[in-house]
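In what follows, a structure is listed as structure tokens, so that the remarks can point back to it.
The values are calculated or read from the model by the stated rules, or taken from the named source; none is laboratory data. Predicted model, so just to flag it, every value in this text is computed and none were measured. Cβ placement follows ideal geometry from the backbone for every residue including glycine, while neighbour counts extend to all protein chains displayed.
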Amino acid sequence: MRRLGVAGLASLVVYVAGCSATGQSPGTQAARHFTCQVQKTVGYDCLVYLPTDYGAPGKRWPLVLYLHGAGERGRDLELLKRNGPPKMIAEGRQFPFVLVAPQCEKGSWWDPEALDALLDKVIGLYSIDDDRVYLTGLSMGGWGTWDLAIHHPERFAAIIPICGAGAQPYAAAKRLRNVPAWAFHGAKDQLVPMELSQMTVDRVKKAGGDARLTIYPDAGHDAWTETYNNPEVWDWLMSQKRRSTTAPAY
């Protein structure tokens, strides 16, 4: 278990554009533009998995950032072992990559800026290949996967969102043009309708991106067990390399 602080000292700096603050006459109303820069300190409790041969001289490793679902929120990292890669590792599965699984506190949601800062921290601490950073998550973490990738597409070589959806419009989907996405959903999902994944994938494809959706016709909300147990999914993920280091504009 690691708690990773991922930003600097909290501060607020205000810049005033145009006239100085003292250039306005008392008793008058004037237009002003204020640009504020805010820094905050955030932290996540994380499960961190290292491959058995981690530390080999001169080797840099792929990194998978895994985002859990709503049921695993809290301050107990054992909850993360209920599903997904943390569960598989706890049961003895070994992977050829570094896995970082942060935990959201109760009542919170995945924050793209905090997760971006977390990636900076992890890449600074571990021997990571910047061109092989991957993102996956299920349910709430599936939504978080789409959201984080849209906010910071330049970071990821590929993403695997499971039974989630992107709340972003078509214009934002353009930002995923250079990020291969393989989404998964159960056709009988009663919590997150499969059509939401289909709509998100269609938006990304229309914007020129490389996105596809696999639908399990008999699955409900649990589309992750079959997905993560499929070797072809991991082979596909590990074969991807980052296509661009520049984030497309909205």
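Given the criteria surrounded by fewer than 18 Cβ atoms within 10 Å (Cβ to Cβ), in contact (Cβ under 8 Å) with a residue 40 or more places away in the chain, touching a helix residue (DSSP H, G or I) at 6+ places or on another chain (Cβ under 9 Å) and not in a strand (DSSP E or B), does PRO96 qualify? So PRO96 passes the test.
Answer with yes or no whether TRP109 is among the hydrophobic types (A, V, I, L, M, F, W, C), surrounded by fewer than 17 Cβ atoms within 10 Å (Cβ to Cβ) and within 20 Å of GLY74 (Cα to Cα).
Yes.
Taken over the range 50-72, residues that are of a type in the set (Phe, Trp, Tyr) and out of contact with any Gly (no Cβ under 9 Å at 6 or more places or on another chain) amount to 2.
Mind telling me which of the residues ALA90, ALA101, ALA117, ALA157 ends up being free of Cβ contacts under 8 Å to residues at least 12 places away in the same chain and hydrophobic (A, V, I, L, M, F, W, C)?
ALA90
Evaluation of LYS174 against the conditions (1) farther than 13 Å from LEU237 by Cβ; (2) in contact with a Cys (Cβ under 8 Å, 6 or more places away or on another chain) shows that the sole unmet condition is (2). Scanning the range 159-175 for residues that are under 26 Å from ARG73 (Cβ atoms) and either at pLDDT below 95 or not β-branched (Val, Ile, Thr) (or both) yields a count of 8.
GLU78 passes every criterion in (1) under 28 Å from ALA249 (Cα atoms); (2) in a helix (DSSP H, G or I); (3) not hydrophobic (A, V, I, L, M, F, W, C) apart from (1). Of everything in the range 201-233 that is of a type in the set (A, V, I, L, M, F, W, C) and over 17 Å from the mean Cα position of the chain (by Cα), the residue that is modelled with the lowest pLDDT is ALA207. The residue pairs whose first member lies in the range 48-62 and is basic (Lys, Arg), whose second member is part of a loop (DSSP other than H, G, I, E, B) and modelled with pLDDT under 95, and whose beta carbons are closer than 9 Å, counting only pairs six or more residues apart or on different chains, are LYS59/ASP53.
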